[in-house]
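Below is one structure, written out as structure tokens, with a few remarks after it.
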Amino acid sequence: MTDSQPNSTIRRDDALWLLRRMRLIRQTSERIAKLYPTDVMETPVHLCIGQEAVATGLCHHLRDEDKLFLGHRTHGPALAKGLPLEKLMAELYGRSTGCSHGYGGSMHLLDLEHGLPGSSAIVGGSIALGVGAGLAAELGAGHFVGVSYFGDAATNAGVFYESLNFAALRALPVLFVCEDNGFSNVMPKSEHSAHDIVGVASQMMPTASIDGTDVLAVNDAAGRAVSRARGGQGPQFLHCRTKRWMKHQGPERCDLIEVDIERDCPIHKLERFMASSGMVTPRELADLRSAIESEIDAAIEFAERSPRPDPNLMEA
Amino acid sequence: MPWSRFDCDYAAPAGGERELTYCHAVREAIDQAMQLDSRVFAIGLDADDKFGVFGSMSDLSHPERVLGTPISENAMTGVALGAALSGLRPIHVHLRNDFLLVAMDQIVNYVAKWQDMFDRQVQVPLVIRSVIGRGWGCGAQHSQTLHGMFAQIPGLKVITPSTPYDAKGLLAAAIKNDSPVLFFEHRWLYKNTGAVPEEIYTLPIGKAAHLHRGNGLTVVAPSLAAIHALKACENDDLDVDLIDPRTIKPLDLDTILASVRRTGRLLVVDYDFPFAGFAAEVCAAVTEQAFDALVAPPQRLTFPDRGMPAAGPLERSYYPTPERIGEAMRELLAGQPAVTV
């Protein structure tokens, strides 16, 4: 278990990649929150504002062939892995051009080209699927790692223990990523978990616990963990402490959680670091923000223009 | 694809061919599929033990692809699904179908839904095979037969072979299939023998078989019930059209309806619970679609609506037998004759 320090030697290209993906997730989530009350999206939304660094730092090290299995809070990690924004938007709008053709909704996203074999809305279960991907790689299906991505509340489900146990017994190329936002809906971790997540995981595999609001720290730790899993050193566990600024579901802020931008905002922290080390100018940051806004405008336009799925084509 | 090399529909052998037990027919299907396709692997509790799943996993020619697991059925089902989504063709094996209930989240919420949820953009070539039925005083948690409950879930195919020939051909078809299949083998069929071709072959999923021909009464019976019903027909030389659906889902309703239109009478013998089960489904479908042909109300012969007992006298009262099936058949046959046009 390590508490790694941000890598101040990160290259500008890498830092820009991280910033761009985090901004894409943040601004998309903010736009969803803004549009949601108009009912254009007939599907629940589980936003991840404040948690962008975890998926972004992780996915920086994943390849398209690596298989990422997600839970219900899925928009951000899916975008981080490479799901095209217009396919996400079209799915939220319930259109046939959505990544699941309108059959999935916001919690069931798929992008086989970018290593997203599907996401699930039952907390915990998808942890096992990432282990299955690792087992497939071990049995010769290809050169990839399986990644199980879940929250702190999922560690209370039996499938969490069962999955870690099996992955460790067989030394599978699997990465477990726990996005610990400290809440199970409205129940704080102190009330939902008697166990210590890192303590349980580290009994079975190498485990790193990091500040999940610091994308450079996540990027660092994920880089090491992914390369160990890829290199045949068995499963690895990443515990990322983060904050969920919004309610469990819906477009509103969560009043149970205190947010201090200086301390908690992964985007603010990265931009400050990049500006202070001369990687970006304020102008470049502003340009990036507006470029992403245009991208979101285009994705929404695409979704609005797209046809709704035809019920007559729905086969039994 | 290696599978195209044997994709043929064999007619049931007439006899004089190689005899194999039901258990060894299952084993041979797995072994030949693993030889044919390196993506096929087996996983499950005691799968790698020579006595695993009542001996059906013994001496497989690719032991490196036969994996024993901890008692973690729920996660292991998810592991099998994850492997199926990552390019392999898993066979998840279970000693008893009662253990599948530990994995209901994965089977119902994940395995069954994964294709529909993404508009069938993904393939889920996953077989879950499990032994069903009673043992010897095994009681309520080790004697169930739950094909009806699983068949109710969209996204699952449910296969219940009754003969060694069907067991081998349908299991090969299940492994070849790109959607999830539950494959239920009755424990009391394991030692039955029958003619089984040596080469690998598939049988169509969703096609019933006639085990006995007649015109007075249609009897639909899957798995062990089919063999017991056949015995009842032969014991008393009854004028019964006996249909083994072979697959519970998809169900070959056409064959059943054509028979009922001829006989006017229906008895469903199902070794499963009665309420909202397979027998109820067949009766409902026949009533909906062939009401005019019926000359008597469709009847069901199933387990009682309670958990299984253990002591000998209680077991003998609880479970249907060939004798009780014969009685039910004779009662229906003695009723008003079908009006023939």
Tell me, what is the per residue accessible area of segment B:213-341 in Å², probe radius 1.4 Å? 45
Towards the positive end of the charge dipole of the protein assembly as shown, with charges on Cβ (+1 Lys, Arg; -1 Asp, Glu), say which of A:HIS143, B:VAL269, A:HIS61 has the farthest Cα. A:HIS61
If you average the alpha carbon positions of segment B:17-50 and of segment B:295-309, how far apart do those two centres end up, in angstrom? 34
What is the calculated FRET efficiency for A:ASP64 to A:ASP310, with r their C-beta to C-beta distance and R₀ = 30 Å, to the nearest 0.05? 0.45
Once amide H atoms are placed 1.01 Å from N in the peptide plane, what residues at a sequence separation of 5 or more from B:LEU182, or on another chain, have their amide H within under 5 Å of its amide H? B:ILE128, B:LYS157, B:VAL158, B:ILE159
Placing +1 at every Lys and Arg Cβ and -1 at every Asp and Glu Cβ, with all other atoms neutral, what dipole size does segment B:209-332 have around its Cα centre, in debye to the nearest 20? 80
Could you order B:THR163, A:THR242 by accessible surface area, starting with the largest, using a probe radius of 1.4 Å? B:THR163, A:THR242
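Going through the DSSP H helices of chain A, which span 30 Å or more along their own axis at the Cα atoms while scoring at least -1.0 as a mean Kyte-Doolittle hydropathy?
Details: long enough: A:12-35 (34 Å, -0.58); A:282-305 (35 Å, -0.35).
Span-like helices, by this rule, are A:12-35, A:282-305.
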Where in segment A:99-139 does accessible area fall by at least 50 Å² between the isolated chain and the complete protein assembly, at a 1.4 Å probe radius? A:HIS101, A:TYR103, A:LEU110, A:ILE122, A:LEU129, A:LEU139
For chain B, modelled as a Gaussian network with Cα springs under 10 Å, which listed residue fluctuates most, B:LYS249, B:LYS231, B:LYS168? B:LYS231
Run through all the Cα pairs of segment A:113-268 and give the fraction in each 10 Å bin from 0, expressed as whole percent. 11, 39, 36, 13, 2
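Counting each DSSP H run of 4 or more residues in chain B as -39500 (n - 2.57), what helix-only mean residue ellipticity at 222 nm follows after dividing by all residues, to the nearest 500 deg cm²/dmol?
On the way: 11 runs with 110 residues, N = 341.
Theoretical 222 nm ellipticity from helices: -9500 deg cm²/dmol.
At 1.4 Å probe size, with every protein chain present, just tell me what the per residue accessible area of segment B:18-195 comes to in Å². It would help to have the intermediate numbers written out before the result.
Numbers: 5290 Å² over 178 residues.
In whole numbers, segment B:18-195 has 30 Å² accessible per residue.
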Sequence gap at least 6, Cα distance under 8 Å: using those rules, report the relative contact order of chain A to the nearest whole percent. 24
Taking a probe of 1.4 Å, how large is the accessible area per residue of segment A:49-100, in Å²? 19
Taking protein heavy atoms only, a 1.4 Å probe, and rounding to whole percent, the accessible area of chain A owed to carbon and sulfur comes out at 50
To the nearest 10 Å², what's A:SER29's accessible area with a 1.4 Å probe? 10
Residues of type lysines that B:LYS191 reaches as a straight line, Cα spacing below 26 Å, ignoring anything fewer than 8 places off in the same chain: B:LYS50, B:LYS157, B:LYS168, B:LYS176, B:LYS207, B:LYS231, B:LYS249
Return the distance in nm (one decimal) between the two label points of a simple spin-label model at B:LEU101 and A:GLN203, each offset 7 Å from Cα along Cα→Cβ. 2.8
Keeping all protein chains in position, work out how much accessible area A:HIS46 exposes to a 1.4 Å probe, and write it in Å² to the nearest 10. 10
Restricting to aspartates and glutamates and to Cα separations under 17 Å from A:LYS67, and discarding same-chain partners fewer than 8 apart, the set is A:ASP111, A:GLU113, A:GLU138
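If eta is 1.002 mPa s and T is 20 °C, what Stokes-Einstein diffusion coefficient results for chain A, Kirkwood Rh from Cα pairs, in µm²/s?
Approximately 109 µm²/s, per Stokes-Einstein.
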Largest first, what is the accessible-area ranking of A:ASP14, B:ASP244 with a 1.4 Å probe? A:ASP14, B:ASP244
Under the rule of at least 5 residues apart or a separate chain, name every residue whose amide H is placed under 5 Å from the amide H of B:HIS212. B:LEU242
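With the Cα gyration tensor of the protein assembly as shown in hand, convert its eigenvalues to equivalent ellipsoid semi-axes via √(5λ) and list them largest first in whole Å. Let's see the in-between values first.
Values: eigenvalues 569, 139, 89 Å².
Ellipsoid half-lengths, sorted descending, are 53, 26, 21 Å.
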B:TRP188 accessible area, assembled protein chains, probe 1.4 Å, Å²: 110
Which translational diffusion coefficient, to the nearest whole µm²/s, is obtained for segment B:49-93 from the Stokes-Einstein equation, given a Kirkwood hydrodynamic radius over C-alpha pairs, 25 °C and 0.890 mPa s? 212
Any idea what the dipole of segment A:12-306 comes to, in debye rounded to 20, about its Cα centre with Lys/Arg Cβ at +1 and Asp/Glu Cβ at -1? 360
If the label point is 7 Å along Cα→Cβ of B:GLN289, which residues in segment B:215-229 have backbone nitrogen under 18 Å from it? B:218-222
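Using a 1.4 Å probe and counting only protein heavy atoms, how much accessible surface gets buried when B and A come together, both sides summed, in Å² to the nearest 100?
Values: alone 14430 and 13740 Å², together 25570 Å².
Buried area between the two chains comes out at roughly 2600 Å².
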Residue by residue, what Karplus-based ³J(HN,Hα) values in Hz, rounded to whole numbers, does segment B:303-320 have, using 6.51, -1.76 and 1.60 with θ = phi - 60° and x for Gly and Pro? 5, x, 7, 7, x, 6, x, 10, 4, x, x, 5, 4, 5, 7, 5, 8, x
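Kindly sort A:LEU169, A:LEU112, A:LEU164 by accessible area of their heavy atoms, largest first, with the probe set to 1.4 Å. Please list the in-between numbers first.
Numbers: A:LEU169 120, A:LEU112 95, A:LEU164 0 Å².
The most accessible residue leads, giving A:LEU169, A:LEU112, A:LEU164.
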How many percent of the accessible area of segment B:209-332 is carbon or sulfur, using a 1.4 Å probe? 51
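Calculate the tail of P(r) for segment A:236-314: the fraction of all Cα-Cα distances greater than 16 Å, expressed in %. Mind showing how you got there, number by number?
On the way: 2264 of 3081 pairs.
Looking at segment A:236-314, the distances longer than 16 Å represent 73 percent of pairs.
Considering only protein heavy atoms and a 1.4 Å probe, what is the carbon-and-sulfur percentage of the accessible area of segment B:18-195? Display every interim value, and only then the final one.
Working: 2770 of 5290 Å².
Here carbon and sulfur together make up 52 percent of the probe-accessible area.
Given Cα pairs under 8 Å that are at least 6 residues apart, what percent is the relative contact order of segment A:128-256? Walk me through the numbers before you get to the answer.
Values: 231 pairs, mean separation 35.3, N = 129.
That works out to 27 percent.
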At 7 Å along the Cα-to-beta-carbon direction for both A:GLU30 and B:ASP239, put a label point, then send me their distance in nm to one decimal. 8.3
Excluding residues fewer than 8 places away in the same chain, name every one of the lysines whose C-alpha is closer than 22 Å to that of A:LYS189. A:LYS243, A:LYS247
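To the nearest 500 deg cm²/dmol, what mean residue ellipticity at 222 nm is calculated for chain A from DSSP H runs of n ≥ 4 alone, each contributing -39,500 (n - 2.57), summed and divided by the residues?
Working: 12 runs with 137 residues, N = 316.
Roughly -13500 deg cm²/dmol at 222 nm, from the helical runs in chain A.
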For segment A:85-188, the charge dipole (Cβ of Lys, Arg +1; Cβ of Asp, Glu -1; about the Cα centre) points to a positive end, and the Cα of A:PHE183, A:SER100, A:HIS114 closest to that extreme belongs to A:SER100
Which of the residues in segment B:96-136 lose at least 10 Å² of accessible area when you go from the chain alone to all protein chains together (probe 1.4 Å)? B:ASP105, B:GLN106, B:ASN109, B:TYR110, B:TRP114, B:ASP116, B:MET117, B:PHE118, B:ASP119, B:ARG120, B:GLN121, B:VAL122
Please state the charge dipole magnitude for segment A:169-316, taken about the Cα centre, from unit charges on C-beta atoms (+1 on K and R, -1 on D and E), reported in debye and rounded to the nearest 20. 660
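The values are calculated or read from the model by the stated rules, or taken from the named source; none is laboratory data. The structure displayed is predicted, hence computed values, not measured ones. Heads up, the Cβs are rebuilt from the backbone with ideal geometry, glycines too, and the neighbour counts pull from every protein chain shown. Quick note on the areas: whole protein, heavy atoms, side chains included, nothing else; ligands and nucleic acids left out. Shrake-Rupley method; radii C 1.70, N 1.55, O 1.52, S 1.80 Å.
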